[in-house]
Amino acid sequence: MIDSSRHKSIVTLFISLFVVFCLLFPSVTVAEEAAVIENIKLANTRDDLLTYFDVKKAFTERINQAVLNGIPTTFSFYISLYKTGESWFDKKISNIQIKSTLKYNPLKKEFSVLRAWKNEKAVITPSFEKAKSLMTEIDNLNIIPLSRLVKGDKYQLRIKAKLDKVTLPLSLHTVFFFVSFWDFETNWYLINFTY
């Protein structure tokens with residue numbers, strides 16, 4: 001049986017540690033607004049189904065801080081197309097993962113955004129706002145050839161965005177201890193449509 005005074009001192013110690021932890025790491029106790037996907041649109045060319053969307057609230061203060069400290073930041077986007085309505089289970093007919101990577105060069109004071117999915121060279125800009133916009137706006141993304149869709153059938157587009165985990169050299173782990181607190185992942189966003 002634990003002595004009553006000893007039990008009180010253990011409880012007091014835990015409460016004190018919790019208060020200190022909350023003071024040192026306020027972002028853990030107060031959640032920032034979650035990133036969301038907005039402005040989802042579907043369009044088509046003569047041959048392909050395309051999508052457009054934006055990720056809002058992706059850049060928190062901690063992510064901004066990390067980027068400006070030279071930590072490369074990569075967002076991954078997951079886009080899946082399902083055929084629905086035929087049975088209990090939806091049938092996945094297209095599955096795409098794309099990435100956008102942002103790097104800051106403090107010597108040149110410029111940002112580099114690589115969107116490999118667009119088959120283009122990295123876009124260089126001195127504007128952090130422009131770089132953030134390039135990272136979070138997906139446009140003209142080819143989902144599937146229209147020849148694979150059936151007129152009158154029902155489909156569902158599912159979209160999700162996530163900040164990739166950063167792996168730092170061991171010597172930097174103590175300097176950038178906050179890195180583990182700046183990841184995000186959106187919910188899945190669904191769009192139902194009939195072709």
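No value in this document is a laboratory result; all are computed from the given coordinates. Being a predicted model, the structure only gives us computed values, none of them experimental. Glycine also receives a Cβ, built like all others from the backbone with ideal geometry; neighbour counts cover every protein chain displayed.
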Convex hull volume of segment 34-194 per residue (C-alpha atoms, cubic angstrom): 129 Å³
Protection-proxy order for peptides 121-127, 55-61, each taking the mean of Cβ atoms within 10 Å per residue, highest first: 55-61, 121-127
Label zone at Ile98 (point 7 Å along Cα-to-Cβ), backbone N below 19 Å, segment 33-52: 36-52
